[in-house]
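Notes for the one structure printed next.
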Amino acid sequence: MENKNNELQIQKINKITAVIGIIIAIVALILGIVTCTFKVSGYIPITASYTQFGGDFYTYEYGATRAAANNLYILDGIAKYIQLALGFIMIIIGLVIALVSVKKLLMAIKMPTETNNPTSGSTD
């Protein structure tokens, strides 16, 4: 009788953890999709090529400013690829968690029929 209660408790815990896993998977999928589609870049890609300065000092400063602005523009492009990759990774993790959790839930639902069936044991 106590063994049966333990099995029922284990089955209940397996169902609860499977449902929690499915919820986590849904959240991960939503976050992955949002990460892939949402624009979070705060950099406005404006180059410094339209600015003019007078004198030699300002010419050198202009060159440095232009190089820095162009570097930021390049980094913004790289950040977009990183954002997209992280979004896809989150989607894949969400799918894996969903598959594992659904399998665990199905096994927890099947468990009572297998334990109540006396012919399920091996015959030697």
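Readers should treat all values here as calculations from the given coordinates under stated rules, not as data from a laboratory. Nothing here was measured: the structure is a model prediction, and the numbers come from that model. Quick reminder, even Gly has a Cβ in these numbers, built from the backbone with ideal geometry, and neighbours come from all protein chains shown.
Once label points are set 7 Å from the Cα along Cα→Cβ at both Ile13 and Leu99, what is their separation, rounded to one decimal in nm? Label at Ile13, label at Leu99, 2.7 nm between them. Report the paramagnetic label zone for Ala85: residues of the range 16-35 whose backbone N is under 16 Å from a point 7 Å from Cα along the Cα-to-Cβ axis. None, by backbone N distance to the label point. Packing order of peptides 82-89, 22-29, highest average first: 22-29, 82-89 (average count of other Cβ atoms within 10 Å over each peptide's residues). Note on Lys110: lysines with a C-alpha under 19 Å away, same-chain residues under 8 apart excluded, are Lys4, Lys12, Lys15. Using the Cβ-Cβ distance between Tyr60 and Val34 with R0 set to 35 Å, the FRET efficiency works out to roughly 0.20.
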